[in-house]
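Report on the following structure.
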Amino acid sequence: MNVKIQGPIEVEIRVSITDDEGRHGIATLSMTNGRYPTEQELRNAVAKFEKESMPDGFRMMTKREWFNSVFGQCPEVGDDGEPEYINYAMPGGDNWSD
């Protein structure tokens, strides 16, 4: 196999994962050094991680979970004077394909 070196780069993907107990984590996936990965190669790496290497009890974050972990939630005071948090508007729908 003839591999072309495209640049002095090392590309890593950080994938947000969670479990149903509220624990969050970041999985770091390394791509081939010296090459610019295509979108399909990135998607394949994430799918392979999800299928073969996901820690027990964890799963990929949903779009809403990921959005809230990055941008937080909007704090407001409820009718009872206690703080409550609502979701900010999220671009697209609730699915990653939206």
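For this structure, a couple of remarks:
- Accessible area ranking (1.4 Å probe, heavy atoms, ligands and nucleic acids excluded), largest first, for 63, 4, 48: 4, 48, 63.
- Per residue Cα convex hull volume in Å³ - calculated over segment 44-98: 114
- A 1.4 Å probe over all protein chains sorts 41, 84 by accessible area into 84, 41, starting with the largest.
- Whichever lysines have a C-alpha closer than 25 Å to that of residue 4, once near sequence neighbours (fewer than 8 apart) are set aside: 48
- Computed [θ] at 222 nm, helices only, for the chain once each DSSP H run of length n ≥ 4 contributes -39500 (n - 2.57): -7000 deg cm²/dmol
- Computed log10 I(q)/I(0) for the chain at 0.11, 0.21, 0.22, 0.25 Å⁻¹: -0.49, -1.14, -1.19, -1.31, from the Debye equation with unit scatterers placed on every C-alpha and solvent omitted.
The values are calculated or read from the model by the stated rules, or taken from the named source; none is laboratory data. Predicted model only: the values in this text are computed from it and were never measured. Heads up: the accessible areas ignore ligands, DNA and RNA and are worked out on the full protein's heavy atoms, side chains in. Shrake-Rupley method; radii C 1.70, N 1.55, O 1.52, S 1.80 Å.
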